[in-house]
Amino acid sequence: MALKFQKLHPTFVAEAGDVDLRTVHDRTTLDEIRAGMDEYAILVFHDQPFTDEEQIAFAQRLDGALHTRTGSAAIGANRLADEAVSDISNVGDDGALLKPGDRRRAYVLGNRLWHTDASFVDPPGRYSMLSAKVIPSVPADTEYADMRTAYDTLPAEMKAQLEDLRAHHSVTHSRWMLGFEFSEAEHARLPGAVHPVVRTLPRSGRKSLYVAAHVSRIIDWPIPEGRLLIHELMEHATRPERVYRHRWRVGDLVIWDNRATMHRACPFDDQRHKRELRRVTTLDVPDAVAV
Ligand code: OGA
Ligand code: MN
């Protein structure tokens, strides 16, 4: 099967042509999707009516091992059966809107900060696959930033300065910035992870900036200088010309490469409108699965 991709932004993101991903098991098509991910870093598929089980199975076919040590699992929030499925929604077990003061609501609101999924574990997240179930009538979009172009457009002196830097990523840090409090036991479950600030993507050889709201510090740097550098890099990466905004339709599946992009949820009135999506994220372990 020859999949067609249509570019949605000058430097990244493409929309895939007609395909039902539930039925994709053959190596050729899976390889075409992987090649599309290498080229565009984000692929948009419309009309994908996944159940959670089908979404998990597809993620495993495409990219292997799944991320299950989610931050929300550490705070005991998952209303879904499988830890590999993150509940990206503003409703509780009873299907009603989560109220202000509810920890699960506060946790999901953290997605409004620019971030990469599962950078606070090692191995970190590779592909995230987000499936839209309930989408409000008002805009409730997701924005994505192109971190390969962000790297490419840095001045040479900055590239040299970043070469061997490593950063500590912690989900307690990014949530703490929003006033979220963690118990000692939760802190112990979420120690964070250290990753290079510049990553080289193995298949394309392209370099990418790997920074996010989760970064608490640059290793071996004083805290303020490290945080200021991250702030500066994130501002550079999220300039309007490097950002794609996705307006969701029910049934969309968007796959993004967390090594090559950052993303954030755009604000909407979450006390009036229900919004429900499900995410499965794979782990950045060497060797994509062979089919
Ligand atoms: C996610 C996420 C943003 C959104 O699913 O990882 O950050 O718009 N989602 O819901
Ligand atoms: Mn996310």
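The values are calculated or read from the model by the stated rules, or taken from the named source; none is laboratory data. The model shown is predicted, which means the values in this text are computed figures rather than measured ones. Backbone-built Cβ (ideal geometry, glycine too); neighbour counts: all protein chains shown. Accessible surface areas use protein heavy atoms only, side chains included; no ligands, DNA or RNA. Shrake-Rupley method; radii C 1.70, N 1.55, O 1.52, S 1.80 Å.
Numbers below:
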{"quantity": "Matching residues in segment 105-124 - criterion: being of a type in the set (D, E, K, R) and surrounded by fewer than 21 Cβ atoms within 10 Å (Cβ to Cβ)", "calculated": "Arg105, Arg112, Asp122"}
{"quantity": "Residue list for segment 58-87, restricted to those being in a helix (DSSP H, G or I), in contact (Cβ under 8 Å) with a residue 24 or more places away in the chain and more than 13 Å from Leu283 (Cβ to Cβ)", "calculated": "Phe58, Arg61, Gly71, Ser72, Ala74"}
{"quantity": "Candidate set: segment 35-89, residues that are of a type in the set (Val, Ile, Thr) and open to solvent by 50 Å² or more (accessible area, probe 1.4 Å); chosen: the one nearest to the chain's Cα centre (by Cα)", "calculated": "Thr68"}
{"quantity": "Subset of segment 223-255 [under 21 Å from Asn90 (Cβ atoms) and within 18 Å of the chain's Cα centre (by Cα)]", "calculated": "Arg245, His246, Arg247, Trp248, Asp252, Leu253, Val254"}
{"quantity": "Test: Glu157 is surrounded by fewer than 22 Cβ atoms within 10 Å (Cβ to Cβ), within 12 Å of ligand 2 (Cβ to nearest atom) and at pLDDT 95 or above", "calculated": "no"}
{"quantity": "Exclusive hit being within 19 Å of Glu232 (Cα to Cα), surrounded by fewer than 20 Cβ atoms within 10 Å (Cβ to Cβ) and modelled with pLDDT of 95 or more, set Asp141, Asp152", "calculated": "Asp152"}
{"quantity": "Candidate set from segment 115-151 (those that are among the basic types (Lys, Arg) and either within 15 Å of the chain's Cα centre (by Cα) or part of a helix (DSSP H, G or I) (or both)); member that is nearest to ligand 1 (Cβ to nearest atom)", "calculated": "Arg126"}
{"quantity": "Residue selected from segment 97-114 under the condition over 17 Å from Arg278 (Cα atoms) and at pLDDT 95 or above, by the criterion farthest from ligand 1 (Cβ to nearest atom)", "calculated": "Lys99"}
{"quantity": "Failed condition for Gly226, given (1) away from ligand 1 (no atom under 13 Å from the Cβ); (2) in contact with a helix residue (DSSP H, G or I) (Cβ under 6 Å, 6 or more places away or on another chain); (3) among the small types (Gly, Ala, Ser)", "calculated": "(2)"}
